[in-house]
Amino acid sequence: MIKKALLYSFLIITSILTLIPFIWMIGASFMFDGKASVFPPIFLPDPFTLTQYQILFERLSVWRNFFNSLFLSTIVTLLYITFTSMAGYAFAKYRFAGKKVLFNVLLSSMIIPSQVTMLPLFLLLKSMGFINTYMAIIIPGLANIFGIFLIRQYCISIPDSLIEAARMDGATDFQIYRKVILPLAIPILVTLAIFSFLGTWNDFLWPLIALTDDSMYTLPVALANLMLEHTKDPELMMAGSVVTIIPVIIVFLALQKYYIKGIMMGSVKE
Amino acid sequence: MSFTDFDIYALGDLNLVRFVGLNNYLKLFDDPLFFTALQNTFYFVIVAAPLSIVVSLGAALLLNSKLVKFKAIFRLSYFIPVVTTLVAVAIVWRFIYHPKFGIINYILSLIGIAPIDWLGDTTTAMPAIILMSVWKSFGYNMIIFIAGLQNIPEDLYEAASIEGASGWQKFKSITLPMLAPTTIFISLITMIGYFQFFAEPYIMTQGGPLNSTLSVVQYMYQEGFKWWNMGYSASIAFVFFFIIMIGTLIQLKIQKSTE
C-alpha cells in the first residue's frame, strides 16, 4: 500500500513537472506586460487579458505566418501521402528492372542527415527560382524513404489474389491503386500523414534557410525572429508559443493512437 | 562542392567557382571554432543521450508496472513535449531559466540554492540545454521501451519468482538482457538525433556565451547561410556526415555482436 502511494505520488509529481513549462506558458500568455516577470513565478493571470494575442495578430500580423504553416503542412502532407503510397505500392507489388538495387540505394540514403543535403538542395532550388516561395518547402517534403518503406511493408501483406481479382474484373493499374490498395492502407496512411504534418509544422532549419521574407515565414521561423526583438517580453513570446504549439497538440491528441503506432513501427523496422 | 571556394559571388555567377582541392579541409582542421563546435556537440551527445535513455527507461518501467492505473494519462503527460514545436518550447525554457524570475531558480530557492544565471554562464549553459533536450525527447524513447517491455514473455518473471529472485535480480538478469536490442536501437537514433541539435542553442543562447554552446550544425549554418561561405560549409557538412556514419557503423557492429 505504501509502495503504491509512493509510486503514484512520484508519477503525479513528475507528470506535473513535465507539464509545468506549458502551464506557465499558457498562464503568462494571458497576462499584461511585465506581469510574468515576478518572483516567485505566478501561473494564473490576474487580471486576465487577450492583449498579447491582439498585438500578435493585429500589429505583428502573425496570422500570415499561421496561414503559411497551416497551408504548407496540409499541402505537403497530402502530396507526401500520394507519392509515398504510389511508390510504396510499386516497390511492393510490381516487378521492374533494377527494383532491388534502387530500393537498397534509397534505404542506405536514409543514413544521410538532412542537414548535409541542405547546401546542394538550396542551390538546386535557387537555380529553379524556388527560394523564398512555397515550392521551396513543398518540393523537399514530397516523399521520403521512411514513408515508402513503411507503405511497402504494408502492401506486401496485401494478398496478390486481391489484386489479380480486380485485374480480372478489368480494373486498370490506377483503379487498383485507388480502389483496392488505398482503402486497405488507411491506417498506415493516417500514421504517415500525422508524422508529415507535425514534421512540416515543427521544422525550423530548412524554412529558416529557404524562406527569406517575413510574410513567407512559417510560425517557428517568425517566432524565432520575434524572440530576437522581444527578448524582454515574456508575455508576448508566450502567446506566440501558444499559437505555435496548440495546433500540433490538437492534431496529436486527435490522432494519438496512430502516432504511437508509428513510433513502434519505426522501431521494429531494423 | 566542398572542394571549391563557393561563396556569395559564385551564388550570382557560377563561373566564379574555383576548384581549391583540399584547402577547405586543411582550413577546417586548423579552425579553433570548428573544434569548439565539435567539442560542444560531443559534450551534448555524450551527456544527453545516456541521460535521456536512463530517464525514458525509468519512465517506461514505472508505466509498465502492474500497480499503476490511469497509465494513459501519465504516458500522455510525459509524451506531450515530444510533439511540440522545438522553437516554441526553447523560447519557453529561455524564460524558465531566467536568472531573476525563472521557475528553475525559484524551485532551487526553495531548497536554499542561490540564483544561477543558467544561460549566461559558460559552465551552466550547456547543462541547461541538455536538461531541456532530455525533457523534450525522453517520451519518444519511453514509448519504444514500453513496446520492448511488453514483448518480454511473462513466464520468465514467473519462473524467476518461483526461484526466489528479488525485484532487482529480475531486472538485472531478465529485463536488461531482453531489452538489449531495443536499447541499442534507441541509443542509435537518440545519438544521431542529438548530434544534429541546432534550434536549442540558436534560440536559447545563440551559441554563446563565448561559443560554449555552439553546435556543429549551427556552425555549418552560420558559415553557409549567414556568411555564404558555402564551399567551406560543405566541408563541415561532409565531416559531420562522416562522424555520423562512423557512429552508426560502430553501433551496428555492437548490435551484431550481441545477437
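With (1) among the hydrophobic types (A, V, I, L, M, F, W, C); (2) within 11 Å of chain A (Cβ to nearest Cβ); (3) closer than 16 Å to B:D31 by Cα; (4) in contact (Cβ under 8 Å) with a residue 60 or more places away in the chain as the list, and B:F240 as the residue in question, which single condition is left unmet?
So the condition that B:F240 fails would be (4).
Check the range A:7-23 and report whether any residue there is of a type outside the set (K, R), in contact (Cβ under 8 Å) with a residue 24 or more places away in the chain and outside the structural domain of A:I188 (by TED's automatic domain parsing). Full working, then the answer.
The initial filter retains those residues of the range A:7-23 that are of a type outside the set (K, R), namely A:7-23.
From what is left, the residues that are in contact (Cβ under 8 Å) with a residue 24 or more places away in the chain are A:22.
Then drop every residue that is not outside the structural domain of A:I188 (by TED's automatic domain parsing), which leaves A:22.
Within the range A:7-23, one or more residues are of a type outside the set (K, R), in contact (Cβ under 8 Å) with a residue 24 or more places away in the chain and outside the structural domain of A:I188 (by TED's automatic domain parsing).
Kindly indicate whether any position in the range A:138-161 is closer than 22 Å to B:Y221 by Cβ and touching a Gly at 6+ places or on another chain (Cβ under 9 Å). So that I can check it myself, show each step before the final result.
Pass one, the range A:138-161, residues closer than 22 Å to B:Y221 by Cβ: A:138-141, A:144.
Okay, now just the ones that are also touching a Gly at 6+ places or on another chain (Cβ under 9 Å), so A:141.
Yes, the range A:138-161 contains a residue that is closer than 22 Å to B:Y221 by Cβ and touching a Gly at 6+ places or on another chain (Cβ under 9 Å).
Within the range B:32-80, can you find the residues that are at the interface with another protein chain (Cβ under 9 Å from one of its Cβ atoms), under 30 Å from A:M1 (Cβ atoms) and in contact (Cβ under 8 Å) with a residue 40 or more places away in the chain?
B:A59, B:L63, B:R75, B:Y78, B:F79
Answer with yes or no whether A:Y94 is more than 12 Å from chain B (Cβ to nearest Cβ) and more than 26 Å from the chain's Cα centre (by Cα).
Numbers: more than 12 Å from chain B (Cβ to nearest Cβ): yes; more than 26 Å from the chain's Cα centre (by Cα): yes.
The answer is yes for A:Y94.
Which ones in the range A:108-152 are outside any helix (DSSP H, G or I), within 14 Å of chain B (Cβ to nearest Cβ) and closer than 26 Å to B:I189 by Cα?
Those that are outside any helix (DSSP H, G or I), within 14 Å of chain B (Cβ to nearest Cβ) and closer than 26 Å to B:I189 by Cα: A:I112, A:P113.
Which condition from (1) under 23 Å from B:W93 (Cα atoms); (2) away from chain B (no Cβ under 14 Å); (3) without any contact (Cβ under 8 Å) to a residue 40 or more places away in the chain is the one that A:E58 breaks?
Just one mismatch for A:E58, condition (1).
Suppose the filter is assigned to a helix (DSSP H, G or I) and either touching a residue at least 12 places away in the same chain (Cβ under 8 Å) or on the phi > 0 side of the Ramachandran plot (or both); does B:W135 pass it? Give the steps one after another, and end with the answer.
Numbers: assigned to a helix (DSSP H, G or I): yes; either touching a residue at least 12 places away in the same chain (Cβ under 8 Å) or on the phi > 0 side of the Ramachandran plot (or both): yes.
Yes: the conditions hold for B:W135.
Which residues, counting only those in the range B:1-59, are in contact with a Lys or Arg (Cβ under 8 Å, 6 or more places away or on another chain) and crowded, with 19+ Cβ neighbours inside 10 Å? Step through it out loud before you land on a result.
Of all residues in the range B:1-59, those in contact with a Lys or Arg (Cβ under 8 Å, 6 or more places away or on another chain) come to B:4-5, B:11.
B:T4 - this is the single residue of the range B:1-59 that is in contact with a Lys or Arg (Cβ under 8 Å, 6 or more places away or on another chain) and crowded, with 19+ Cβ neighbours inside 10 Å.
List pairs: first residue in the range B:106-122 and small (G, A, S), second residue assigned to a helix (DSSP H, G or I) anywhere in the structure, Cβ distance under 9 angstrom, at least six positions apart or on different chains.
B:A114/B:N105; B:A114/B:L108
For residues that are in contact (Cβ under 8 Å) with a residue 24 or more places away in the chain and within 7 Å of another protein chain (Cβ to nearest Cβ), tally how many sit in the range A:239-270.
Residues in the range A:239-270 being in contact (Cβ under 8 Å) with a residue 24 or more places away in the chain and within 7 Å of another protein chain (Cβ to nearest Cβ): 5 in total.
If I ask for residues that are hydrophobic (A, V, I, L, M, F, W, C) and in contact (Cβ under 8 Å) with a residue 24 or more places away in the chain, which ones from the range B:190-208 would you list? Walk me through it before giving the result.
Restricting attention to the range B:190-208, the residues satisfying the condition of being hydrophobic (A, V, I, L, M, F, W, C) are B:191-192, B:195, B:197-199, B:203-204.
B:M191, B:I192, B:F195, B:F197, B:A199, B:I203, B:M204 - these are the residues of the range B:190-208 that are hydrophobic (A, V, I, L, M, F, W, C) and in contact (Cβ under 8 Å) with a residue 24 or more places away in the chain.
All but one of (1) without any contact (Cβ under 8 Å) to a residue 40 or more places away in the chain; (2) out of contact with any Phe, Trp or Tyr (no Cβ under 8 Å at 6 or more places or on another chain); (3) of a type outside the set (D, E) hold for B:V83; state the number of the condition that does not hold.
(2)
Test each condition in (1) free of Cβ contacts under 8 Å to residues at least 40 places away in the same chain; (2) of a type outside the set (D, E, K, R); (3) away from chain B (no Cβ under 14 Å) for A:F83 and report the one that comes out false.
(1)
Applying the selection to the range B:99-131, what residues are at the interface with another protein chain (Cβ under 9 Å from one of its Cβ atoms) and crowded, with 22+ Cβ neighbours inside 10 Å?
B:G102, B:N105
The values are calculated or read from the model by the stated rules, or taken from the named source; none is laboratory data. Worth saying up front: this structure is predicted, and the values here are computed from it rather than measured. Positions of Cβ are backbone-derived with ideal geometry, glycine not excepted, and every protein chain shown enters the neighbour counts.
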